[in-house]
Amino acid sequence: MSKRKKSDRKKRPIAVSIIAVAIVVLFLIRLYQVFEPLIRNQVFRNGITGPFFTGLKLTPLGNSVLSSASYLVLSLAGIVVLIGFLRLRRWSWVLLMAWTGMSLIISLVDYFYSHPNYAVMASNVIITFALNITDVQRIYGIRRDDGHSL
């Protein structure tokens with residue numbers, strides 16, 4: 001009879017899987033936000049047909065390209081954080097908490113001043129609550145077993 005080998009791997013709490021799903025949802029939303037302004041301004045149909053600036057002000061085309069580029073960076077950063085998060089890296093927990101906090105602030109500003117994105121807000125709230133679960137903080141080395149923060 002063969003003996004079972006003990007695994008040194010840390011067991012992932014279910015909250016880690018929930019956070020990963022929420023990050024994937026945010027990735028898909030951000031990916032949509034990459035293409036939506038470009039499609040709205042018919043960049044794929046007509047190409048880039050005008051300037052990005054008039055004086056010091058962005059044109060609608062420039063605003064669309066800048067918006068798409070920023071959402072592309074957010075999408076790619078989300079994938080990097082997701083990979084680090086699934087590999088249980090401490091830096092990914094810290095980066096995800098900071099990123100989620102900033103995203104929540106931006107979502108609240110959008111809520112009060114323009115059109116809110118409720119899917120992004122809901123995903124950020126789920127991620128924030130799940131990141132603060134004691135088991136999640138322990139597995140990422142944010143909290144020690146005696147309950148104190150590091």
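The values are calculated or read from the model by the stated rules, or taken from the named source; none is laboratory data. What you see is a predicted model, and the numbers here were worked out from it, not measured in a lab. Note that we place each Cβ from the backbone using ideal geometry, even for glycine, and neighbour counts take in every protein chain shown.
Annotations
- Any pair with Cβ under 8 angstrom, 6 or more apart, that starts in the stretch 105-125 at a residue that is free of Cβ contacts under 8 Å to residues at least 12 places away in the same chain and ends at one that is outside any helix (DSSP H, G or I) and surrounded by 14 or more Cβ atoms within 10 Å (Cβ to Cβ): D110/P116; D110/N117
- Helices (runs of 4 or more DSSP H) (entirely within the stretch 1-100) containing at least 1 residues that are surrounded by 13 or more Cβ atoms within 10 Å (Cβ to Cβ) and at pLDDT 85 or above: 14-40, 60-86
- Across the stretch 123-139, the qualifying residues are those that are buried (at least 17 other Cβ atoms within 10 Å of the Cβ) and within 18 Å of the chain's Cα centre (by Cα), and the one among them that is nearest to V24 (Cα to Cα) is S123.
- Residue list for the stretch 54-90, filter: touching a Phe, Trp or Tyr at 6+ places or on another chain (Cβ under 7 Å) and of a type in the set (D, E, K, R): R90
- Some residue of the stretch 51-65 being under 14 Å from the mean Cα position of the chain (by Cα) and not hydrophobic (A, V, I, L, M, F, W, C): no
- The set of residues from the stretch 123-140 being more than 9 Å from A15 (Cβ to Cβ) and either in contact with a helix residue (DSSP H, G or I) (Cβ under 8 Å, 6 or more places away or on another chain) or not in a helix (DSSP H, G or I) (or both) comprises S123, N124, V125, I126, I127, T128, N132, Q137, I139, Y140.
- Residue in the stretch 109-122 that is surrounded by the fewest Cβ atoms within 10 Å (Cβ to Cβ), counting only those that are among the hydrophobic types (A, V, I, L, M, F, W, C) and in contact with a helix residue (DSSP H, G or I) (Cβ under 8 Å, 6 or more places away or on another chain): A119
- Residues of the stretch 101-150 classified as modelled with pLDDT of 90 or more and of a type in the set (K, R), total: 1
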